1. Could you list all residues from segment 511-538 that are in contact with a helix residue (DSSP H, G or I) (Cβ under 7 Å, 6 or more places away or on another chain) and at pLDDT below 90?
2. Would you pick out the residues in segment 532-565 that are within 21 Å of ARG351 (Cα to Cα), of a type in the set (D, E, K, R) and open to solvent by 70 Å² or more (accessible area, probe 1.4 Å)?
3. Taking only segment 467-491 into account, find how many residues are in a helix (DSSP H, G or I) and either closer than 18 Å to GLU221 by Cβ or among the small types (Gly, Ala, Ser) (or both).
4. Looking for something of a type outside the set (D, E, K, R), open to solvent by less than 70 Å² (accessible area, probe 1.4 Å) and under 28 Å from GLN264 (Cα atoms) - is there at least one such residue anywhere in segment 495-512?
5. Filter segment 390-442 for residues that are open to solvent by less than 20 Å² (accessible area, probe 1.4 Å), assigned to a loop (DSSP other than H, G, I, E, B) and of a type in the set (A, V, I, L, M, F, W, C) and give the result.
6. Can we say LEU281 is over 18 Å from SER411 (Cβ atoms), at pLDDT 90 or above, surrounded by 16 or more Cβ atoms within 10 Å (Cβ to Cβ) and more than 16 Å from ligand 1 (Cβ to nearest atom)?
7. Could you tell me how many of the residues in segment 21-58 are open to solvent by 40 Å² or more (accessible area, probe 1.4 Å), of a type in the set (D, E, K, R) and at pLDDT 90 or above?
8. Taking the stated definitions as given, is VAL333 of a type outside the set (Lys, Arg) and open to solvent by less than 50 Å² (accessible area, probe 1.4 Å)?
Amino acid sequence: MPFITVVPSLRTVPGVESFDYAVDAESDLSVGDLILVPFRQRQTAALIVSLSETSTVAAKAIKLKNPARLLRLGPVAIELLRRLSAWTFSSQPSILHAWLRKVPKRAKEPIYALPPSGQITLAFNTRETRFLSDLRHGGTGLVKTAKQLSGRTLILSPWKRSAGILAEELKCPILHSDIADGEAWRLLSGFVAGSIPCLVATKVGAWLACFAEHVLIEEPENDDFKQDEMAPRFDARWIVDETYRLRRGLSVIEFSLTPRLTSQPSAAAPSIRLEPRFENLSRRGRTEIEPLMAATLFRIEEAVSRRRPVLIIHPPRGERGRYICANCGWQAVCQACGYSLTQYKTHGLCRKCGRKNPLPAACPNCQGTDFSRGVLGQEKLKEQLARLPYAKDIQVWNLTQTAELPFPPESLVVLTNAAYLSGAAEDIRRRERLVIAWRRLAAKAEAAKSDLIVQAQEEILPVLRETLKAEGLAKEQAREFQERQVFGFPPAEVLVKLLIDGPEAKASSILAELGKSLPLGWTFTGPYLVPHRATARGNRFIILIKAPADTHPTRLVHVFKKYQDKAFIDIDPVAFFC
Ligand SMILES: [Zn+2]
Ligand SMILES: [Zn+2]
């Protein structure tokens, strides 16, 4: 009696990878088929990864009678699943589950796709990066290209809303993490089966590159392509790269604005022609609208009088970004995790763990009652703007809106503090992220034919001034790379992050083990306690390991495999602190 080995779609720990079932001798099941199998009293979707005449568990194997078939995923998907599992130290079932989400209990009709190779038209793989200063809106670049392509096309975008804008312009459906399971299944099975020829997706749909003839990637420099919090941690860009190696007949086009940092600064980056107006943020020259300098407010009035839309980008939330005593410097922190609180009318909200905390009316340290020192938040800014007679003509946006939405045409865009662009975390990549976000902001303003006013502290004005032009950017990237070399951070060296949950003794024992087992020339530091964790979640420690830049990926996987039960292992982290 023949047997099949399947990877079920469910969350398992690494090491729990596959199960055997017995099938009829006449069965026409093949490797790569997604079928339904009985598993612990339930029907579970499962991918057939091999067929054989024998099984080590033959006596206990359940016999399948004509199992329902769902999809034919084929050999490339199996190999991608295997490689992604090795690279992220997650089990294959967990990854398959993340890909498929919830599969319908009963297949109404089998959606039995042709093997992908039957539809491939190109003989060779092609890959290119197009650097465009106007990434989207108005049909340039990506949208225009996508409309000209024939064959199954997968378009990957870093964010839900920008993906939505692309989907609207292309009149095709969109797959992201917030759509319902049933609809997600309809889209992904339709794309695999070929009935949906064009699909826009965020990172959750990257694996569908296995079935595409064309993959278009919007803003590949953007780290939102990487899952940083959830397990399995994967990077959509890595998945496309790996699929590119596995598949024949795949074309990949990246639409980029700022090249990723490498040892060779790229000369291909476009210059942004827009000339922003810079305002030095200083104590003097502030107005009744706290975050705005007098010169900025003057230009806003002027724009309003000409009936131009005005957009103020001001990310801090709540009333005050922090609740700080002006007298003694005492600061309210979250009772659960110790992170600083954002002030709302009646409470302080922790942006780290989401807990609501009461706020004292007087400082517990000195009884002071002046809490006006913290950075002004959006709520309070809107309150102050409301004093102006033309308040209704001004919109206030946060960073998510700024990243995802186009600017109103011919508007005046004001960024209250350029430092907000690089995000809150102190990290060695802060400046790199600032440059990427800054160029995107300026390019969008240029695309919308808007004027841009940027308020910034004096020390970051030079980098803002220089990096809009290609030469300035190349210079900045060369400087940045040199710094990474000096301090030994990616891309000059490989950095691996181990996250260890539990007492410090556990982290220390892993550290001792690393000391004995790491290859010559590799270094490690830590354990560092991760700050601001909710007390209920316990301690987490980080160990950083550095390896030479030319270390082969399979070697990395091999070296860290033995730690996969004790730690979360991140081989290509997007965030690394100093
Ligand atoms: Zn005080
Ligand atoms: Zn908290």
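The values are calculated or read from the model by the stated rules, or taken from the named source; none is laboratory data. The shown structure was predicted, so the numbers you read here are calculated from the model rather than taken from an experiment. Here the Cβ positions follow ideal geometry from the backbone for every residue, glycine too, while neighbour counts run over all protein chains shown. To get the accessible areas, we keep the full protein, side chains included, count just its heavy atoms, and leave off ligands, DNA and RNA. Shrake-Rupley method; radii C 1.70, N 1.55, O 1.52, S 1.80 Å.
1. GLY526 - this is the single residue of segment 511-538 that is in contact with a helix residue (DSSP H, G or I) (Cβ under 7 Å, 6 or more places away or on another chain) and at pLDDT below 90.
2. Residue satisfying the conditions is ARG537 alone.
3. Number of matching residues: 12.
4. There is at least one residue in segment 495-512 that is of a type outside the set (D, E, K, R), open to solvent by less than 70 Å² (accessible area, probe 1.4 Å) and under 28 Å from GLN264 (Cα atoms).
5. PHE407
6. Yes: the conditions hold for LEU281.
7. 2
8. no
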